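Each remark here refers to the structure printed beneath this line.
The values are calculated or read from the model by the stated rules, or taken from the named source; none is laboratory data. Here the structure is a predicted model, which means the values were calculated and not measured. Ideal geometry is used to build each Cβ from the backbone, glycine not excepted, and the neighbour counts take in all protein chains shown. Side chains included, ligands, DNA and RNA excluded: accessible areas come from the protein's heavy atoms. Shrake-Rupley method; radii C 1.70, N 1.55, O 1.52, S 1.80 Å.
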Amino acid sequence: MKETRSLQLRENVALADYTTLGVGGPARYFTEVTSEDQLIDAIEIAGSRHLPVFVLGGGSNLLVSDAGFSGLVLHIGLRGVHPLEEEGDIISVAAGEAWDDFVRLCVSQKLGGIECLSGIPGTVGGTPVQNVGAYGQEVSESILSVRVLDRESQTIHELSNAECGFSYRTSIFNSSRRESYIVLRVTFALHPRARPRLVYPDLKRHFGERKEQPSLSEVRDAILKIRAGKAMVITPGDPDCRSAGSFFKNPVVTEETAAGVEDAARHVGTLADAETLPRYEAQGGQVKIPAAWLIERAGFQKGCSRGRVGLSSKHTLALVNLGGATAREVIEFMHEIQCGVKERFGIDLRPEPEFVGF
């Protein structure tokens with residue numbers, strides 16, 4: 001262990017221990033940063049040693065290679081939740097805060113806008129990067145601005161919602177400016193006394209024919225229950241939870257492409273005459289097809305496995321580490337699923353986790 005300025009640089013730290021999937025080799029150097037000044041120091045150290053840098057949050061949407069990472073891993077430990085308005089609806093949250101703790105706080109204060117994002121593991125800083133979404137809600141709908149460190153100039157900026165370039169599971173932070181910024185804080189504009197968002201089929205089914213409007217807390221409880229039933233809530237001891245969450249993005253396609261998928265499904269006998277292809281409206285007149293449906297209809301059922309890697313017994317979208325899995329095994333199974341869906345439906349499934357060290 002080496003002491004450098006106010007930072008402790010540890011060597012050869014196993015990254016598998018910092019991910020929900022539990023897969024991956026060591027980081028050459030590893031440090032925890034708990035202040036913006038420490039973060040700037042760490043970036044300077046990496047630059048002086050010509051080390052690549054990876055920023056690690058909650059490790060919930062991550063696949064680390066078996067070789068690990070040859071540079072410096074910065075584990076973000078920035079903390080603090082600060083209301084900026086008297087009503088408490090504008091809140092600035094540090095990147096290292098646990099996301100679901102923040103959602104719980106907002107729901108308890110009857111602030112709407114992120115209740116459907118309950119139970120998602122990880123940290124606040126990761127949510128704008130992936131534009132996290134679930135059950136008909138995206139985090140970008142409630143983000144006012146994002147405070148970032150420019151890695152090259154080592155200056156701090158406040159980016160507006162528009163400047164973040166949000167779209168489905170995408171932002172500038174994981175696309176056009178992937179290596180440019182490190183998220184420090186996120187400011188949210190929430191809605192006091194808001195009506196909960198009830199657009200997703202699972203939620204509608206949960207509340208059934210109930211006439212009175214459910215509260216935000218009832219919606220949160222329902223989502224936690226639904227997610228737990230799909231092994232999408234981290235539960236210690238549950239092998240189905242040793243995953244990176246949803247491993248594939250739901251394809252967003254044209255109506256014409258969706259019709260072609262439906263025809264292909266009927267042709268191979270995986271869609272009965274009385275059935276229709278499940279689809280949901282997306283931006284620009286496009287439609288979203290559930291990746292889980294495509295995977296199952298391509299022949300990959302819940303609970304199927306390939307050695308030490310498999311699909312969750314509760315949710316087809318989750319690739320799980322059955323014990324001692326390697327990143328190579330995860331990648332091989334991922335490719336098998338992608339090829340199966342492509343061959344049957346002509347759809348390219350895109351992985352959702354971030355790949356590190358490949």
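Here are the numbers:
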read-out: Qualifying residues in region 169-193 (those that are touching a helix residue (DSSP H, G or I) at 6+ places or on another chain (Cβ under 7 Å) and in a loop (DSSP other than H, G, I, E, B)) - the one surrounded by the most Cβ atoms within 10 Å (Cβ to Cβ); value: 171
read-out: Some residue of region 117-138 being of a type in the set (Val, Ile, Thr), closer than 29 Å to residue 251 by Cβ and part of a strand (DSSP E or B); value: yes
read-out: Residue match in region 323-332 (condition: more than 29 Å from residue 70 (Cα to Cα) and of a type in the set (A, V, I, L, M, F, W, C)); value: no
read-out: Scan of region 1-26 for residues that are open to solvent by less than 80 Å² (accessible area, probe 1.4 Å) and over 22 Å from the mean Cα position of the chain (by Cα), ordered by number; value: 4, 6, 7, 9, 11, 13, 26
read-out: Residue that is farthest from the chain's Cα centre (by Cα) [pool: residues in region 60-77 that are part of a loop (DSSP other than H, G, I, E, B) and surrounded by fewer than 23 Cβ atoms within 10 Å (Cβ to Cβ)]; value: 67
read-out: Total residues in region 270-304, condition under 22 Å from the mean Cα position of the chain (by Cα), of a type outside the set (Val, Ile, Thr), surrounded by 12 or more Cβ atoms within 10 Å (Cβ to Cβ) and in a helix (DSSP H, G or I); value: 5
read-out: Complete set of residues in region 105-116 that are within 21 Å of residue 80 (Cβ to Cβ), in contact with a strand residue (DSSP E or B) (Cβ under 9 Å, 6 or more places away or on another chain) and in a helix (DSSP H, G or I); value: 105, 106
read-out: When residues of region 305-358 are limited to those that are crowded, with 18+ Cβ neighbours inside 10 Å and basic (Lys, Arg), the one farthest from residue 55 (Cα to Cα); value: 344
read-out: Considering residues of region 79-93 that are open to solvent by 90 Å² or more (accessible area, probe 1.4 Å) and not aliphatic (A, V, I, L, M) only, the residue modelled with the lowest pLDDT; value: 87
